[in-house]
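Below: the structure, in structure tokens.
The values are calculated or read from the model by the stated rules, or taken from the named source; none is laboratory data. Worth saying up front: this structure is predicted, and the values here are computed from it rather than measured. Neighbour counts run over all protein chains shown; Cβ positions are idealised from the backbone, glycine included. For accessibility, only protein heavy atoms count, side chains too; no ligands or nucleic acids. Shrake-Rupley method; radii C 1.70, N 1.55, O 1.52, S 1.80 Å.
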Amino acid sequence: MIEIKNIEKSFGGVKILKGVSCVFEAGKTNLIIGQSGSGKTVLLKSLLGIHTPEVGTISFDGRIYSELNTDEKREIRTEIGMLFQGSALFDSMTVAENVGFPLKMFTNDSNEKIQKRVDFVLKRVNLIGAHKKLPSEISGGMQKRVAIARAIVNNPKYLFCDEPNSGLDPNTAILIDNLIKEITEEYNITTVVNTHDMNSVMEIGDKITFLKNGLKAWEGTNEDIFLTDNEAIVEFVYSSNLFKKVREAYLKG
Amino acid sequence: MLIRYTSQIGKYFLMWKEIFKKPTKWSVMKGLIFKEVDDLIIDSLGIVAFISFFVGGVVAIQTALNLTNSFIPKYLIGFATRQSMILEFAPTFMSIVMAGKMGSFITSSIGSMRVTEQIDALEVMGVNSLNYLVFPKIIALMLYPFLVGISMFLGIFGGYVATVYGGFGASTDFIEGLQRDFNTFHVFYAFLKTFIFGMFLATIPSFHGFYMKGGALEVGKASTVSFVWTSVTIILMNYILTQLLLTQ
Ligand SMILES: Nc1ncnc2c1ncn2[C@@H]1O[C@H](COP(=O)(O)OP(=O)(O)O)[C@@H](O)[C@H]1O
Ligand SMILES: [Mg+2]
């Protein structure tokens with residue numbers, strides 16, 4: 001479980017996060033939604049320790065990040081898997097090398113053992129026979145799978161995904177979304193996903209936090225989202241014609 | 001503006017400190033070093049050889065053409081070629097060329113890792129990305145004096161070929177010039193400054209790539225800016241080191 005309390009983050013005097021609090025539970029796919037530029041990535045990067053909030057605390061299963069020493073912080077980082085928006089695969093390494101990289105860097109496992117684990121996670125993300133390919137030689141959807149494999153190769157407790165289906169066709173996007181949800185439940189991971197895609201919201205959103213103007217404007221489940229009268233969220237959902245109709249139909253029963 | 005430059009310079013020195021913190025495991029680092037030696041040193045051999053040979057030839061011809069007074073000894077062609085190759089051409093001019101070749105390679109490869117979040121990915125995994133990316137380049141560029149040694153040798157050889165086969169002088173005269181008043185301190189001075197330039201070649205372009213912001217377009221801009229700063233630093237350091245080491 002991750003608990004965020006009242007965090008604020010500014011860049012060059014501009015406040016991007018203005019006191020956000022939320023709780024992300026283990027085994028659940030927690031979504032952060034909001035328009036582009038609403039601060040979703042900043043929030044995620046604050047969880048990662050890439051950004052340090054000026055105010056507020058973030059605690060990982062009771063461990064308050066800002067109060068830890070360097071070794072303890074490092075310990076937490078090894079428990080985090082991250083899926084970046086553009087996959088961020090190392091382009092000089094093959095698929096197998098990318099996935100095995102965290103193990104090679106931080107364990108003393110033999111090459112054989114690493115190989116086995118790499119085979120296992122690549123199979124888990126339904127990617128077979130691409131071991132020796134370079135990231136530039138595979139499709140965007142496959143790159144996402146490799147990136148997911150790399151993120152979970154260490155058995156992380158926490159998995160963060162930044163817009164996992166940006167740049168993917170709708171079919172592939174749903175596959176990737178569902179893969180994230182399955183893995184979350186299978187390994188009881190605390191997963192946080194950034195998205196502005198209503199399809200993902202409906203498909204996998206166990207818990208949804210809606211960011212607007214640097215504040216949490218709403219939170220709830222993907223069922224609540226059609227029932228709420230919260231203006232901000234209605235406006236966000238209504239921006240898609242399809243969902244406007246779905247919501248109307250849903251409200252009528 | 002002055003404040004901005006000062007803070008950039010401060011940041012550059014802080015980067016040096018970061019590079020040596022939390023070192024990457026040796027079994028991984030070994031491979032990274034070999035790769036950098038290949039990309040930076042081995043890959044530059046061709047261009048270094050080509051430029052040195054022909055510039056050496058031109059220096060010899062220019063000297064020969066200016067020796068119109070018959071009182072000036074003929075060995076001067078060899079002497080002048082040797083001095084200019086060892087003292088300035090190979091260490092300094094070659095370093096400016098390398099600021100373009102190696103420098104733009106380093107800035108664009110690190111910069112594109114920055115814009116595609118690969119550096120964030122390293123950091124998130126708990127890797128000290130500065131150590132992982134820059135340290136192997138520093139080690140690889142410790143071999144840079146070797147490249148400059150080749151440049152000196154081929155420059156002088158080019159001068160010899162141009163002189164003897166171009167009919168500007170005799171082989172014995174040229175070789176006499178090469179041996180005349182040979183000062184080992186000059187060679188020491190040349191390699192010392194080469195070593196220092198090598199460290200700048202590894203780190204200034206890395207700095208510009210690592211701390212860049214923006215997208216693909218900015219990677220190109222960062223490479224240009226990095227070339228300018230690397231060259232300016234080398235030229236200034238060359239002046240300072242010459243003043244310190246060769247004058248009394
Ligand atoms: N490193 C940074 N430096 C300055 N401004 C930033 C930085 N990162 C994000 N921002 C700004 O913060 C705002 C929110 O960005 P972001 O979190 O990326 O939005 P999104 O919700 O689309 O992920 C944007 O206005 C962006 O310009
Ligand atoms: Mg974003």
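Taken residue by residue, region A:49-58 has at least one member that is touching a residue at least 24 places away in the same chain (Cβ under 8 Å), within 16 Å of ligand 1 (Cβ to nearest atom), part of a loop (DSSP other than H, G, I, E, B) and within 9 Å of another protein chain (Cβ to nearest Cβ). Checking A:LYS207, A:LYS244 one by one, the residue that is at pLDDT below 90 and either in the same structural domain as A:ARG63 (by TED's automatic domain parsing) or open to solvent by less than 10 Å² (accessible area, probe 1.4 Å) (or both) is A:LYS244 and no other. Annotation: B:ILE150 fulfils all but one of (1) more than 24 Å from the chain's Cα centre (by Cα); (2) at pLDDT 95 or above; the unmet one is (1).
Applying the set (1) in a helix (DSSP H, G or I); (2) open to solvent by less than 20 Å² (accessible area, probe 1.4 Å); (3) within 16 Å of ligand 1 (Cβ to nearest atom); (4) not aromatic (Phe, Trp, Tyr) to A:THR41 leaves exactly one unmet item: (2).
Per the listing A:LEU83, A:LEU68, the residue uniquely surrounded by 14 or more Cβ atoms within 10 Å (Cβ to Cβ) and touching a residue at least 40 places away in the same chain (Cβ under 8 Å) is A:LEU83. Scanning region B:84-92 finds one or more residues that are closer than 29 Å to B:ALA170 by Cβ, touching a helix residue (DSSP H, G or I) at 6+ places or on another chain (Cβ under 9 Å), touching a residue at least 24 places away in the same chain (Cβ under 8 Å) and of a type in the set (S, T, N, Q). Is there a residue being buried (at least 17 other Cβ atoms within 10 Å of the Cβ), away from chain B (no Cβ under 14 Å) and in contact with a His (Cβ under 6 Å, 6 or more places away or on another chain) anywhere in region A:132-148? No.
Specify the residue that is farthest from ligand 1 (Cβ to nearest atom); the eligible residues are those in region A:144-195 that are among the aromatic types (Phe, Trp, Tyr) and part of a strand (DSSP E or B).
Going through region A:144-195, the residues among the aromatic types (Phe, Trp, Tyr) turn out to be A:158, A:160, A:187.
Right, trim to part of a strand (DSSP E or B) and you get A:158, A:160.
Details: A:TYR158: 19, A:PHE160: 12 Å.
Ranking the qualifying residues of region A:144-195, first place goes to A:TYR158.
Being in contact (Cβ under 8 Å) with a residue 40 or more places away in the chain and under 16 Å from the mean Cα position of the chain (by Cα) is a description that does not apply to A:GLU219. Contact map, region B:212-232: first residue closer than 21 Å to B:ASP120 by Cβ, second residue acidic (Asp, Glu), Cβ cut-off under 9 Å, separation 6 or more or different chains; pairs are B:MET212/B:GLU218.
I'm trying to understand the selection: among the residues of region A:83-123, which are aromatic (Phe, Trp, Tyr) and either at the interface with chain B (Cβ under 9 Å from one of its Cβ atoms) or more than 23 Å from the chain's Cα centre (by Cα) (or both)? Spell out the reasoning first.
Narrowing region A:83-123 to residues aromatic (Phe, Trp, Tyr): A:84, A:90, A:101, A:106, A:120.
Scanning region A:83-123 gives A:PHE84, A:PHE90, A:PHE101, A:PHE106.
The set of residues from region B:8-31 being within 13 Å of another protein chain (Cβ to nearest Cβ), surrounded by 12 or more Cβ atoms within 10 Å (Cβ to Cβ) and hydroxyl-bearing (Ser, Thr, Tyr) comprises just one member, B:THR24.
Looking at B:LEU217, B:LEU133, B:LEU236, B:LEU192, which is the one that is open to solvent by less than 20 Å² (accessible area, probe 1.4 Å), more than 16 Å from ligand 2 (Cβ to nearest atom) and either part of a helix (DSSP H, G or I) or over 21 Å from B:GLN8 (Cα atoms) (or both)? If you could, list the steps in order and put the result at the bottom.
Values: B:LEU217 fails: open to solvent by less than 20 Å² (accessible area, probe 1.4 Å); B:LEU236 fails: open to solvent by less than 20 Å² (accessible area, probe 1.4 Å); B:LEU192 fails: open to solvent by less than 20 Å² (accessible area, probe 1.4 Å).
Answer to the selection: B:LEU133.
Within region B:101-130, restricting attention to residues that are of a type in the set (S, T, N, Q) and more than 12 Å from chain A (Cβ to nearest Cβ), the residue that is least open to solvent (accessible area, probe 1.4 Å) is B:THR107. Could you list all residues from region A:1-38 that are outside any strand (DSSP E or B), of a type in the set (Gly, Ala, Ser), more than 14 Å from chain B (Cβ to nearest Cβ) and within 15 Å of ligand 1 (Cβ to nearest atom)? If the condition is that a residue be outside any strand (DSSP E or B), of a type in the set (Gly, Ala, Ser), more than 14 Å from chain B (Cβ to nearest Cβ) and within 15 Å of ligand 1 (Cβ to nearest atom), then A:GLY13, A:GLY34, A:SER36, A:GLY37, A:SER38 are the ones that fit. Counting only residues that are within 16 Å of ligand 2 (Cβ to nearest atom) and within 14 Å of another protein chain (Cβ to nearest Cβ), which one in region A:152-191 is nearest to A:ILE58 (Cα to Cα)? Filtering first and then ranking leaves A:PHE160.
For region A:131-143, the tally of residues that are of a type in the set (A, V, I, L, M), outside any loop (DSSP other than H, G, I, E, B) and either over 25 Å from A:LEU48 (Cβ atoms) or within 16 Å of ligand 1 (Cβ to nearest atom) (or both) stands at 0. Name the single residue, out of those in region B:205-214 being in contact with a Ser or Thr (Cβ under 6 Å, 6 or more places away or on another chain) and closer than 16 Å to B:GLY10 by Cα, that is farthest from ligand 2 (Cβ to nearest atom). Within region B:205-214, the match that is farthest from ligand 2 (Cβ to nearest atom) is B:PRO205. Do we find a residue being free of Cβ contacts under 8 Å to residues at least 60 places away in the same chain, part of a helix (DSSP H, G or I), in contact with a helix residue (DSSP H, G or I) (Cβ under 9 Å, 6 or more places away or on another chain) and crowded, with 19+ Cβ neighbours inside 10 Å anywhere in region B:32-42? Checked region B:32-42: no residue is free of Cβ contacts under 8 Å to residues at least 60 places away in the same chain, part of a helix (DSSP H, G or I), in contact with a helix residue (DSSP H, G or I) (Cβ under 9 Å, 6 or more places away or on another chain) and crowded, with 19+ Cβ neighbours inside 10 Å.
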